[in-house]
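**Student:** I'd like to ask some things about the structure below.
The values are calculated or read from the model by the stated rules, or taken from the named source; none is laboratory data. If you're wondering where the values come from, they're calculated on a predicted model, not measured in any experiment. Cβ sites come from the backbone with ideal geometry, for glycine too, and all protein chains shown count toward neighbours.
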């Protein structure tokens, strides 16, 4: 089969940890062929199909010059056996428009994973609202007064923008309220921008766990991203240390409950972030941590994913 990966520029990949690269490597190992493009390469014209300027690539197995481009040309997305949307956040206007282009490609026969409508319908911060039984005290608002009331009730809180990624823009305010006004001005912009506020969970010291769900089923190991050097953020992009661990009973309960729902909506892959016993985010755009879990535990997450992808293609 021929897979098209829509991703960031290949030249930006850190292949020793990149999840999209690990997907490509496993797909090629299983005999599939690889094509790549960026969202900016997708186009549509009346009377035609959604197309993209794509490169057909082969992985070399080397750390340097890790791929070769065999050929390049314009191809219809519907002509691929699967289209994998793996563009990293932020989920900005261009990402939003790309999901509409991909949805048109679906109408023309393309098989897109994760499904474009599901990507739009599951903003990674706000999708937790559907599962209140699994989350801690949380507020989403544009009203600074509500944020102050939430702080007065819970004393120790986390504030973050709804469109952040990799721990960007996350602030902690303790019981003394130090800098709360300034932080609200930065994130809330005098009521112009919504903010998510959550009660601080001290279990973050044990790690912000990335629980992967593939084809509705939990991967048996998670990656606990542990804050380092006085940081409150465990994100790997913010310097967190990734430690793979078996899922706890609570992690499994969460993943199985969410997995059935997410799979039914066309989300072949999701990454649920769990601190202690509480879900904090549900990542669906380009969940990561495949290689870290594989390297530390031997659990072959890329194989689990490509097998699920092959099954989903057969059933589509």
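Rundown of residues vs (1) at pLDDT 90 or above; (2) closer than 22 Å to residue 309 by Cβ; (3) surrounded by 22 or more Cβ atoms within 10 Å (Cβ to Cβ), yes/no style:
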site: 209; (1), (2), (3): yes, no, yes
site: 225; (1), (2), (3): yes, no, yes
site: 228; (1), (2), (3): no, no, no
site: 243; (1), (2), (3): yes, no, no
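**Student:** From the list 34, 59, 84, 77, pick out the single residue that is touching a helix residue (DSSP H, G or I) at 6+ places or on another chain (Cβ under 9 Å), at pLDDT 95 or above and within 30 Å of residue 161 (Cα to Cα).
**Tutor:** Checking each option against the conditions leaves just 84.
**Student:** While we're looking at this one, here's another question. Need a quick list: strands (runs of 3 or more DSSP E) entirely within segment 197-316 having at least 2 residues that are farther than 23 Å from residue 130 by Cβ.
**Tutor:** 221-226, 241-246
**Student:** Can I ask one more? Where in segment 82-192 are there strands (runs of 3 or more DSSP E), lying wholly inside it, with at least 3 residues that are within 17 Å of residue 273 (Cα to Cα)?
**Tutor:** The qualifying strands (runs of 3 or more DSSP E) are 157-161.
**Student:** Here's something else I'd like to know. Answer yes or no: is there a residue in segment 144-154 that is modelled with pLDDT of 95 or more and on the phi > 0 side of the Ramachandran plot.
**Tutor:** no
**Student:** Collect the residues in segment 56-81 that are part of a loop (DSSP other than H, G, I, E, B) and surrounded by 13 or more Cβ atoms within 10 Å (Cβ to Cβ), keeping them in residue-number order.
**Tutor:** 66, 80, 81
**Student:** Criterion first (surrounded by fewer than 20 Cβ atoms within 10 Å (Cβ to Cβ) and closer than 26 Å to residue 25 by Cβ) does residue 250 satisfy it?
**Tutor:** Considered against the rule, which asks whether it is surrounded by fewer than 20 Cβ atoms within 10 Å (Cβ to Cβ) and closer than 26 Å to residue 25 by Cβ, residue 250 comes out as no.
**Student:** Might you let me know whether segment 176-196 holds any residue that is at pLDDT 95 or above, under 30 Å from residue 84 (Cα atoms) and crowded, with 19+ Cβ neighbours inside 10 Å?
**Tutor:** For segment 176-196, residues at pLDDT 95 or above, under 30 Å from residue 84 (Cα atoms) and crowded, with 19+ Cβ neighbours inside 10 Å: present.
**Student:** Which of the residues that make up segment 4-23 are buried (at least 19 other Cβ atoms within 10 Å of the Cβ) and either farther than 11 Å from residue 57 by Cα or free of Cβ contacts under 8 Å to residues at least 40 places away in the same chain (or both)?
**Tutor:** 6, 7, 18, 19, 20, 21, 22, 23
**Student:** I'd like the full set of residues that are exposed (fewer than 14 other Cβ atoms within 10 Å of the Cβ) and closer than 17 Å to residue 267 by Cα, limited to segment 101-157.
**Tutor:** 130
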